[in-house]
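I have placed the structure first, in the form of structure tokens, so that the comments after it can refer back to it.
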Amino acid sequence: MKLQILTKNEHKELHNDIIAKIRDLINNKNLEPGDKLPSERMLSERFNVSRGNVRESIQKLEFYGILKSKPQSGTFVADIGQVAMNGMMDDILGLEDPDFKSLVETRILLELKTVRLAAQRRTDADLIKMETALEAYKEKVLNNEDAVQEDLLFHLAIAQACRNSTINRMMLIITPEIINNFEKYHVCDKDQSLKGIQEHQDIFDAIKRQNTQKAKQMMKVHFNALYQYCYNI
């Protein structure tokens with residue numbers, strides 16, 4: 001199983017331009033909460049960009065709660081005042097790409113909570129997904145192959161098992177950038193990857209037994225080397 005890496009760095013300037021134009025459209029048309037935006041096709045023609053880029057920009061604004069899409073109906077302005085909306089739009093346009101330290105800190109904070117929820121809420125199907133990712137990671141490491149994607153697939157399986165769609169979505173957002181930085185900085189050497197096999201197994205066993213404290217403890221152990229690496233760059 002492969003994790004598709006979708007970096008948006010190369011599209012960031014274009015997406016920001018589309019977001020700014022959507023903001024101007026809402027302001028110039030005096031659109032209010034509940035008002036409908038033109039269709040993706042009409043926006044793509046108006047902005048002279050592809051429908052795919054319009055869709056991705058709309059999805060970003062949906063994530064921040066500025067727009068709301070309804071199947072078969074279209075995209076609408078969310079229930080937010082104009083002043084707040086413009087402020088949030090400015091903040092979104094001013095967002096900087098996260099550095100590696102920020103990504104690591106965010107991942108650690110998320111996963112220490114996620115692993116406890118996963119231990120409480122996991123199903124047999126979740127355990128199968130985790131075990132599959134764990135075996136794929138083990139196979140790659142023992143064959144001296146890069147296993148960064150399989151490592152993160154294991155953690156994404158834990159995020160799915162926590163049954164919190166917001167946490168799961170945040171993990172999906174930061175994961176591609178984490179992969180890029182792992183590959184850029186060569187974070188995990190062979191010895192660390194071999195050690196990771198047992199650490200993953202310990203995390204999996206605690207989740208399987210639904211031992212929340214042990215799951216959190218084992219995740220802390222697993223993150224120790226990464227945390228130290230981050231602050232010693």
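No lab work stands behind these numbers, since they all come straight from the coordinates. Since the model is a prediction, treat every value here as computed from it, not as a measurement. We place every Cβ from the backbone using ideal geometry, glycine too, and count neighbours over all the protein chains shown.
Cross-link list K113/K140; K138/K208; K12/K36; K113/K195: which exceed 21 angstrom alpha carbon to alpha carbon?
Too far apart for the 21 Å limit: K113/K140; K12/K36; K113/K195.
I want to check the label-to-label distance for E105 and Y64. Put each point 7 Å from Cα in the C-beta direction and report it in nm to one decimal.
2.1 nm
So, by mean Cβ neighbours within 10 angstrom, what's the order for 129-135, 115-121, 70-76, 103-109 with the highest one leading?
Peptide ranking by packing, descending: 115-121, 129-135, 103-109, 70-76.
(i) 20.0, 70; (ii) 20.6, 61; (iii) 18.4, 55: which one is Rg and Dmax of the Cα atoms in Å as calculated from this entry?
Computing Rg and Dmax of the Cα atoms in Å and matching it to (i) 20.0, 70; (ii) 20.6, 61; (iii) 18.4, 55 gives (ii).
Using the per-residue mean of other Cβ atoms lying within 10 Å as a proxy for protection, in what order, highest first, do the peptides 25-38, 192-205 fall?
Ranked from most to least packed, the peptides come out as 192-205, 25-38.
Please give every one of the aspartates and glutamates within straight-line cross-link reach of K70, meaning a C-alpha to C-alpha distance under 17 Å, and leave out same-chain neighbours fewer than 8 residues apart.
Of all the aspartates and glutamates, those that pass the test against K70 - Cα under 17 Å, at least 8 places apart if same chain - are E32, D35, E40, E56, E62, D79.
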